[in-house]
Amino acid sequence: GAGVSQSPSNKVTEKGKDVELRCDPISGHTALYWYRQSLGQGLEFLIYFQGNSAPDKSGLPSDRFSAERTGGSVSTLTIQRTQQEDSAVYLCASRHDRMVYEQYFGPGTRLTVT
Amino acid sequence: AQKITQTQPGMFVQEKEAVTLDCTYDTSDPSYGLFWYKQPSSGEMIFLIYQGSYDQQNATEGRYSLNFQKARKSANLVISASQLGDSAMYFCAMREDQGAQKLVFGQGTRLTINP
């Protein structure tokens, strides 16, 4: 399939451990977004990448969160020293420059911190 | 700052009836976009419909239409002839037209279609 893919689909980790979540955007999509969805809530913006520009990190909740995007394609969201409140579904979305409005979402990674 | 408000945590509708899901928004930007997404129990976010702030006509996509009332800052989703498969969470979202163009989401409405 040509959609956005994310891995792992589920991740259970112990409090204090580091985790890495991966997103493969649709080929050719230059814009990539990370969102977080806590249980029963709407999506919360975390970070945005656009081509080679500096990322917009304004939504990251703390300095334990970081993300990178290598080669303008795959992105990794890293959470250090995980806390229970980090438990959520982490969704990635990508968008083509010519698509004025539509962001295509991946299936998400469900993170559970015990 | 932009804000989206969905005041209906849950809605129950009989199959084949029309349903309106409410959404109000707040922004100081003159240019913005409004979206509706469907999230079934499987978790994926499915784009349904888009309305630009300068669009003169209400957006329609099949059974979905967006009742855009700019002066009232509302962007309600209307689903005609509801089907059992329409049962899902529905999110209203706003996109800023500058910068990151990130989406700001409401809290969602859980729609249940009864047979």
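The values are calculated or read from the model by the stated rules, or taken from the named source; none is laboratory data. Bear in mind that the values here come from a model prediction, so they are computed numbers and not experimental data. So basically every Cβ, Gly included, is an ideal-geometry build from the backbone, and we count neighbours across all protein chains shown.
Worth a mention:
- Checked against (1) at pLDDT 95 or above; (2) in contact with a strand residue (DSSP E or B) (Cβ under 6 Å, 6 or more places away or on another chain); (3) surrounded by fewer than 17 Cβ atoms within 10 Å (Cβ to Cβ), A:Thr114 passes all but condition (2).
- Residues located in segment A:1-45, provided they are without any contact (Cβ under 8 Å) to a residue 40 or more places away in the chain and outside any loop (DSSP other than H, G, I, E, B): A:Glu44, A:Phe45
- Exclusive hit being hydroxyl-bearing (Ser, Thr, Tyr), away from chain A (no Cβ under 14 Å) and over 14 Å from the mean Cα position of the chain (by Cα), set B:Thr27, B:Thr20: B:Thr27
- Restricting segment A:49-93 to residues that are among the hydroxyl-bearing types (Ser, Thr, Tyr) and assigned to a strand (DSSP E or B) leaves a set whose member that is nearest to the other protein chains (Cβ to nearest Cβ) is A:Tyr90.
- Looking only at segment A:31-45, and only at residues there that are aliphatic (A, V, I, L, M) and more than 9 Å from every other protein chain (Cβ to nearest Cβ), the one that is nearest to B:Gln107 (Cα to Cα): A:Leu39
- Pairing residues of segment B:6-27 that are free of Cβ contacts under 8 Å to residues at least 60 places away in the same chain with residues that are surrounded by fewer than 14 Cβ atoms within 10 Å (Cβ to Cβ), at Cβ distances under 9 Å and at least 6 apart in sequence or on separate chains, gives B:Thr24/B:Lys3; B:Thr24/B:Thr7; B:Thr24/B:Arg72; B:Asp26/B:Ala1; B:Asp26/B:Lys3.
- Within this structure, A:Gly28 passes the test of being exposed (fewer than 13 other Cβ atoms within 10 Å of the Cβ), on the phi > 0 side of the Ramachandran plot and more than 9 Å from chain B (Cβ to nearest Cβ).
- Residues (free of Cβ contacts under 8 Å to residues at least 40 places away in the same chain and of a type in the set (Gly, Ala, Ser)) located in segment B:88-115: B:Gly99, B:Ala100
- Close Cβ contacts (under 6 Å, 6 or more residues apart or on different chains) running from residues in segment B:34-59 that are within 11 Å of chain A (Cβ to nearest Cβ) to residues that are surrounded by fewer than 16 Cβ atoms within 10 Å (Cβ to Cβ) and in a loop (DSSP other than H, G, I, E, B) comprise B:Phe47/A:Glu102.
- If the condition is being assigned to a loop (DSSP other than H, G, I, E, B), more than 7 Å from every other protein chain (Cβ to nearest Cβ) and closer than 19 Å to A:Ser38 by Cα, then segment B:98-109 contributes no residue at all.
The rows are residues; the columns are (1) assigned to a loop (DSSP other than H, G, I, E, B); (2) hydroxyl-bearing (Ser, Thr, Tyr).
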residue	(1), (2)
B:Val13	no, no
B:Ser28	yes, yes
B:Leu34	no, no
B:Ser41	yes, yes
B:Asp55	yes, no
B:Leu77	no, no
B:Met89	no, no
B:Leu111	no, no
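- Annotation: B:Asn67 fulfils all but one of (1) buried (at least 20 other Cβ atoms within 10 Å of the Cβ); (2) more than 14 Å from every other protein chain (Cβ to nearest Cβ); (3) within 12 Å of the chain's Cα centre (by Cα); the unmet one is (1).
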